[in-house]
Amino acid sequence: MSASAERRLGDRIARELYRDPDFIDDPVLTDYVQGIWQPLLNAARARGDLTPELDERFAWRIVLGRDRSVNAFALPGGYFGLHLGLLSVVSSRDELASVLGHELSHVTQRHISRLISRSNQQTPWMIGAMILGALAASKNPEAGNALIVGGQALSAQGQLNFSRDMEREADRIGFGVMTQAGFEALGFVSMFDKLQQAARLNDSGAYPYLRSHPLTTERIADMQSRLPLGAPHGADAVPGMAHALLTARARVLSNPGADALRGWLAQADDAGLSGQAAAQQAGTLYGAAMAASRMRDAAQARRQLTRLQKVVLADPEAVRQVRWLGLEIELAAPDRSRQQLLALGAEIGLDPAQPAPAAALRRPDLVLQTQLAMQGGQARLLDQVAQNLQAWLLRQPQDALAWQSLASIYAAQNQTLRALRAEAEAQVAQLDYAGALNRLKAAQDRQRAPGASNSSAEHIDASIIDTRRRQIEVLLKEQAQEP
Ligand SMILES: [Zn+2]
C-alpha cells in the first residue's frame with residue numbers, strides 16, 4: 001500500500017474520530033502530550049527512522065479520547081489514538097514517552113501498510129469501516145473479543161494486530177527513539193512493570209493496551225537486555241510535580257461523575273494528605289480544585305487552589321499549570337468582577353499595556369485569553385487576542401481549536417465574513433470539507449446580500465473566501481472519488 005493511499009485511509013478514519021463525542025481537545029493535556037511527542041518525532045527524524053518522504057506524507061497527529069480505558073494505538077496514515085485512561089496511569093513523562101515511541105515506530109516501520117497489504121481482498125474503504133466499527137465496539141467492555149476481520153488485521157480493540165516480530169521491532173526502535181529524545185530508559189521498564197502488574201491482576205478489561213500488546217517472555221527479555229547492567233529495576237518512578245497535576249487532570253476529565261468529584265474533595269481533606277510526597281499532594285489538590293469548580297462551588301475551588309499554590313511554589317512548570325487552573329476556576333465562577341478577570345488576564349500575557357510576545361504564549365494561554373476577552377468584551381483585548389491567534393495559526397494552520405477561537409473573536413468584533421472563514425478552516429483542520437464549504441457559501445451569500453458592506457477590507461476577505469472555496473471543492477471531489 002502506497003504512503004498516499006494509506007494517508008487517505010487514515011484521513012477517513014480520523015475524520016470520524018474528530019466527530020466522535022468522546023474526542024477531546026483539552027488544551028492543557030494536549031500541550032503536555034505535544035511536549036513529549038514533538039521531541040520523539042525529532043529523534044526519529046535524526047535517527048533516520050522517520051524518512052523525509054513519510055514525514056511529509058503522513059499526519060503525525062495524536063487524537064485524544066476521553067475514554068477511561070488504558071489504551072494507545074497507531075492508525076493508518078500517521079494518526080494515533082491516545083485515551084485519557086492511559087494518561088491517568090502513567091507515573092512519569094518517561095513512561096508516556098515509552099508508549100508513544102513504541103506506537104510511533106509501528107508507523108515509521110510501515111507495519112500498518114504491511115498488514116493492510118496482506119489483507120488484500122479488502123478495499124481501503126472496507127478496512128476503514130472495520131477499524132471504525134472495532135473502535136466503537138471497544139468502548140463497550142461486554143463486546144467481547146470476537147471481532148477478527150480483515151485477515152486478522154484487527155483485534156477487538158480496533159487496533160491492528162501486529163505480529164510478534166513487529167512488536168519486538170517497535171520495542172527496539174521505540175526504545176532508541178525515546179532515549180535519543182532525552183527520556184529516561186527507566187520509563188520503559190516501569191511501564192512494563194505496570195502492565196505486568198495489571199496482567200497479573202487480570203485487569204485486561206481496563207487495559208485494552210495489554211490485549212493488543214501481550215507481555216511475552218521475549219519482549220521482557222529483550223527489554224531487560226537493553227538496560228545497562230545494574231540499572232534499577234522495578235523501582236517506582238517518582239512522578240514530577242507537573243506530571244502529577246496532568247495525571248489528576250486526565251482523571252477528572254475522564255471520570256466527571258458526581259461521586260468521583262466528591263471523592264477528590266474527600267481525599268484533599270483527608271488527614272493523611274500532609275504525610276504524602278509533595279507531588280502526590282499537588283495532584284490530589286489539583287483534582288480537588290478542579291472537581292469543586294465542576295460542582296459549581298467556587299469558594300471551595302479557591303480554597304483548594306490556595307493550598308495547591310503553596311505546594312507547587314518551587315516548580316515553575318507546575319506554577320504555570322496551576323495558574324491556568326486558577327483562570328479556569330475564575331472563568332467558571334459566577335461572582336467575579338470584570339476587574340478581577342482583567343487582572344487575571346495579565347498573568348497570561350493579556351495586557352494591552354504590556355502584551356506578552358506571541359512566541360512566549362502556549363496553547364492553553366491562547367485558549368484562556370480567548371475566553372477572558374470574550375467575557376471582558378473590551379475592543380483592545382479582542383484585538384490583542386486576534387493578533388496572537390493569527391500569529392499562532394501561521395505556525396499551526398491545522399489547529400482547529402485555535403481557528404474556532406479566532407472565529408468567536410471575529411464574531412464579537414462583528415467581522416462576520418472573517419468569522420465564517422475561520423469556522424470553515426476549523427472544519428478543514430478536522431477534515432470535514434463539506435462542513436467547510438457550507439461555511440464559505442454562507443459567507444458568500446452574506447457578501448452578496450443587499451446592503452452588505454463594500455469596504456476594501458471586505459473585498460480582500462471575499463477574494464480569500466472565493467479562493468478557499470475553489471480549493472476545498474477540489475479536496476471534496478478527491479474525497480468522493482476514493483474507492
Ligand atoms: Zn505495538
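The values are calculated or read from the model by the stated rules, or taken from the named source; none is laboratory data. Every value quoted in this text rests on a predicted model; they were computed, and no experiment measured them. Positions of Cβ are backbone-derived with ideal geometry, glycine not excepted, and every protein chain shown enters the neighbour counts. SASA here: full protein model, heavy atoms, side chains in, ligands and nucleic acids out. Shrake-Rupley method; radii C 1.70, N 1.55, O 1.52, S 1.80 Å.
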Q) Which residue pairs have Cβ atoms closer than 7 Å, lie 6 or more positions apart in sequence or on different chains, and pair a first residue in region 71-97 that is at positive phi and more than 16 Å from the ligand (Cβ to nearest atom) with a second residue that is of a type in the set (D, E, K, R) and not in a loop (DSSP other than H, G, I, E, B)? A) 77/6; 77/7; 77/11
Q. Any residue in region 448-464 that is in contact with a Lys or Arg (Cβ under 9 Å, 6 or more places away or on another chain) and either at pLDDT 95 or above or open to solvent by 60 Å² or more (accessible area, probe 1.4 Å) (or both)?
A. yes
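Just to be sure I understand, how many residues within region 3-23 are open to solvent by 20 Å² or more (accessible area, probe 1.4 Å) and either in contact (Cβ under 8 Å) with a residue 60 or more places away in the chain or part of a helix (DSSP H, G or I) (or both)?
Looking only at that region, the number is 12.
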(Q) Suppose we filter region 214-271 for residues that are open to solvent by 40 Å² or more (accessible area, probe 1.4 Å), more than 27 Å from the chain's Cα centre (by Cα) and modelled with pLDDT under 95; how many remain? (A) 16
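Condition check ((1) closer than 23 Å to residue 361 by Cβ; (2) out of contact with any Pro (no Cβ under 6 Å at 6 or more places or on another chain)) across all residues:
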site: 279; (1), (2): no, no
site: 286; (1), (2): yes, yes
site: 301; (1), (2): no, yes
site: 321; (1), (2): yes, yes
Q | Residues that are at pLDDT 50 or above, in a loop (DSSP other than H, G, I, E, B) and surrounded by fewer than 17 Cβ atoms within 10 Å (Cβ to Cβ), drawn from region 149-177 | A | 163
Q: Would you tally the residues in region 68-123 being in contact with a Gly (Cβ under 9 Å, 6 or more places away or on another chain) and not in a helix (DSSP H, G or I)?
A: 19
Q: Go through region 417-460 and count every residue that is under 24 Å from residue 479 (Cβ atoms) and either part of a helix (DSSP H, G or I) or among the acidic types (Asp, Glu) (or both).
A: 24
Q: Go through region 188-213 residue by residue and tally those that are within 16 Å of the ligand (Cβ to nearest atom), at pLDDT 75 or above and over 21 Å from residue 165 (Cα atoms).
A: 1
Q.
Of the conditions (1) in contact with an Asp or Glu (Cβ under 8 Å, 6 or more places away or on another chain); (2) modelled with pLDDT under 85; (3) more than 16 Å from the ligand (Cβ to nearest atom), residue 184 satisfies every one except a single condition; which number is it?
A. (2)
(Q) Just to check your reading of the model, which residue among 437, 417 is within 29 Å of residue 377 (Cβ to Cβ) and open to solvent by less than 20 Å² (accessible area, probe 1.4 Å)? (A) 417
(Q) Quick check on residue 44: is it in a helix (DSSP H, G or I), aliphatic (A, V, I, L, M), within 16 Å of the ligand (Cβ to nearest atom) and in contact (Cβ under 8 Å) with a residue 12 or more places away in the chain? (A) yes
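Every residue, every condition in (1) open to solvent by 40 Å² or more (accessible area, probe 1.4 Å); (2) at pLDDT 95 or above; (3) in contact with a Ser or Thr (Cβ under 9 Å, 6 or more places away or on another chain), yes or no:
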residue	(1), (2), (3)
69	no, no, yes
103	no, no, no
112	no, no, no
143	yes, no, no
146	yes, no, no
(Q) Any residue in region 98-118 that is among the hydrophobic types (A, V, I, L, M, F, W, C) sitting within a Cβ distance under 8 Å of a residue that is within 11 Å of the ligand (Cβ to nearest atom) and part of a helix (DSSP H, G or I)? List the pairs, counting only those 6 or more apart or interchain. (A) 99/209; 104/174; 112/106
Q) Which residues, counting only those in region 56-67, are open to solvent by 40 Å² or more (accessible area, probe 1.4 Å) and under 17 Å from residue 111 (Cβ atoms)? A) 57
Q: Of the numbered conditions (1) surrounded by fewer than 18 Cβ atoms within 10 Å (Cβ to Cβ); (2) touching a helix residue (DSSP H, G or I) at 6+ places or on another chain (Cβ under 9 Å), residue 50 fails exactly one; give the number of that condition.
A: (1)
